[in-house]
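*Asks:* Input: one structure, supplied below.
Read-outs throughout are calculated quantities, based only on the coordinates presented, and are distinct from any laboratory measurement. From a predicted model like this one, the values you see are computed outputs, not experimental measurements. Here the Cβ positions follow ideal geometry from the backbone for every residue, glycine too, while neighbour counts run over all protein chains shown.
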Amino acid sequence: MKRVAIYVRKSRKDENSSEDKSLELQIDTLIRIAEKHNYSYTIYKEIGSSVDSNRTEYQKLKDNIQLGIYDNSYILAKHTDRLSRDLLEALTFKNLLEKHHIKLHTPDGIFDFSLDDVDFANNIQLMLNQQEYKKTRRKLLKGKVEAAKSGNYMSSVIAFGYKRDPYTKQLLIDESKAPIVRSIFKLAVGGIPINEITRIINQKGYRNQYNRPFSSTAMKYIVKNQIYIGRIVYCSTSLGEEVIKDEAHEALVSQEDFYKVQELIKTRITGYGRRSKLGLKSPLNSLIVCGKCHYPLILDKDYQYKEPTYYTKKCHKCGGTVGQKVSIVEKAVFNALDEYNDQILNEINSLDSFTIDDVKEKLTYDLAHLQKQLRKVKVKDDNLLDLYLNGEIEKSRYRSRKDDLDEEAASLNQSIADIKTEIEQQSVESKKEQMLKLYNQSKMISSLSLHEQNHLFSLLIERVLLTKTEKYSVPEITIVWREL
Ligand SMILES: [Zn+2]
C-alpha cells in the first residue's frame, strides 16, 4: 500500500468563510481520492498563518519528504496553488518533489514533475512573467511620479521653448525658441483667437521644433500647457495620483497672464454656445463681441421701430461698449465679405499639402497616444479579472472598478473615432472642396435664408469685435476671420 501525504490549507477565498467547513471539505475530497486508489495517508492540516515560513505543517511535510518517506509516491492537494503562494517557494518545492520522484495528485489530475509537464511549467512561467511585469510596471510608474515630485521633466517630448538639462534632467529655457512662446502668449492675452495667432506667428516666419509652420492644434496645446508657468503636472491613472510641482523650472509666462488666457479660451467656448430666447435675429448672431473685453454682446429688439430692428446691448462685463444698431454692423460685415471672397479664391489656388501634412502629423501622433492609452486600459482590465478570479478582490469591488474601466475605454474609443474622422478630412482635395463650397456660398449669400447666412458666417468668422465708447461715436468694427 502506497503511503501518501494529504496537504490542506485555506485559500485566500476561504479566509472570510468558516474555516473548518472549507478545510473539512478539502479533506473529504482528498480522502476519497486516497481511498479510491487504496493509499494509506497522513493528513497535514494547516490552520494558522498564511506566510510560508510560519506554516508548520508545510515545514513538517517538507522535512518528511527529505527523509524519503514519500519517495516514488504522491502528495494529495486540492490545487497546485495550495502548496505555496510564493512563486520561488513553489519552484523550490517542485524541485524537491522532482528529486524524490513524488507526483502531485489533485482532483484535476496528476502532476509529474520528472516529466516535462509543459502545462505546469508554462503556468509557472506565465505567473512569473505576469508578476514580474506588474512589479516592473508599478516601479516604472512610481518612478515617474517620484521624478515629477522632484521636478524632473519626464515626458519624452520636450515642450516647445524648453530644453532638458542632460545632468539634472530639469527643463531649461531654450532662448532660441522662447521668444516665440512669449509672442504667442502676448497675442493670446490680447484676446486674439488661436487660429489668428497661428496665422500671425507663421506669417512672421516662426517655425515649430520640426522647422514647420505651427498648426492651430499645436497652438492650442501651447497656450494650455502649464509647463510655461514653471509647473509640472504628472497624472498617473494607474496609481491614482496626480502630482503637481510648481517652480519646477523657470517660467516663460506669468501665472497672471496664463490664467487670463485660460479664461479667454473658456469664455469663447461658453459664450458662443448661448442661444437667445428671441430666436435668430441677425446673420451675425452670437458672433459680435465687445471690442474692449471680448465678451459676447447680447442682441435685443428696439421697440421704437415698426420694422423688427435690433441693437447690441451695453457690454455686460466691462460696460465699455454701448448699444449699437445691428444693421450697421451687418452692412460692414457684408461689405468685408466681398473683399474676403477674393482672398478665399487666392487661398484655394495656393493651397498646398504642406500645412495639411503638419496638422495630419499632429493628429496621427494624438491618435497613436490614444490607442496606446486604450491598450493600457485593456491590460488593466485583464489584470482586474485576474485579481477577481484569484479571489484577491470582492465581486462588488471588481464590478465598480470594471465599470470605471469600461467608461474610460468608451470615452477613449469615442476620441479615437473623432480623430480618425478628422484625419480623413485633412486631405488636400477635401480641403479644396470645402473651401470652394464656402466660396460659392458666400458669393450668393444674399439669396440665403437667415439661418444659412448665420451658419456661413460662423464658418468664416471667428468673431466680430465691436467698440463704441459713446452713444454718438462712430462704431469700430473688426472682423476676425477663421483660418480656412
Ligand atoms: Zn466689454
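*Asks:* Tally Lys and Arg at +1 and Asp and Glu at -1 over the other residues with C-beta under 12 Å from the C-beta of residue 292: what net charge comes out?
*Replies:* Numbers: positive: 314, 317, 468; negative: 476.
Residues close to residue 292 contribute a combined charge of +2.
*Asks:* I'd like the Karplus ³J(HN,Hα) series for the stretch 295-303: coefficients 6.51, -1.76, 1.60, θ = phi - 60°, whole numbers in Hz, and an x wherever there's a Gly or Pro.
*Replies:* 8, x, 9, 8, 8, 9, 7, 9, 7
*Asks:* Using modelled backbone amide H atoms (1.01 Å from N, in-plane), which distant-in-sequence or interchain residues come within less than 5 Å of residue 43's amide H?
*Replies:* 6
*Asks:* Let me ask something else. Check each of the GluC sites (Glu not before Pro) in the stretch 399-482 and keep only those in coil by DSSP with at most 16 other C-beta atoms within 10 angstrom; list them in order.
*Replies:* Answer by residue number: 470.
*Asks:* Ranking 457, 334 by Cβ neighbours within 10 Å, fewest first, what do you get?
*Replies:* 334, 457
*Asks:* Okay, next question. Out of residues 5 or more away from residue 310 or on other chains, whose amide H comes under 5 Å of its own, with H placed 1.01 Å from N in the peptide plane?
*Replies:* Excluding prolines and chain starts, which carry no amide H, the hits are 302, 326, 327.
*Asks:* OK, next. Applying the Karplus parametrisation 6.51 cos²θ - 1.76 cosθ + 1.60 with θ = phi - 60° to the phi angles of the stretch 216-232, what ³J(HN,Hα) value in whole Hz is obtained for each residue in order, glycine and proline being reported as x?
*Replies:* 6, 5, 4, 5, 4, 4, 5, 5, 9, 7, 6, 3, 6, 9, x, 9, 10
*Asks:* Here is a follow-up. I need the phi-derived Karplus couplings for the stretch 193-198: 6.51 cos²θ - 1.76 cosθ + 1.60, θ = phi - 60°, integer Hz, Gly and Pro marked x.
*Replies:* x, 3, 4, 6, 4, 4
*Asks:* Another question, then. If amide hydrogens are placed 1.01 Å from N in the peptide plane, which non-local residues have theirs closer than 5 Å to the one on residue 462?
*Replies:* Result for residue 462 returns 480, 481, 482.
*Asks:* Could you give the distance between the Cα centres of the stretch 327-350 and the stretch 438-468, to the whole Å?
*Replies:* Answer, in whole Å: 9.
*Asks:* Cut-off is 10 Å between beta-carbons; in what order do 207, 32 appear when sorted fewest neighbours first?
*Replies:* On the way: 207 14, 32 11.
The fewest-first ordering by Cβ neighbours comes to 32, 207.
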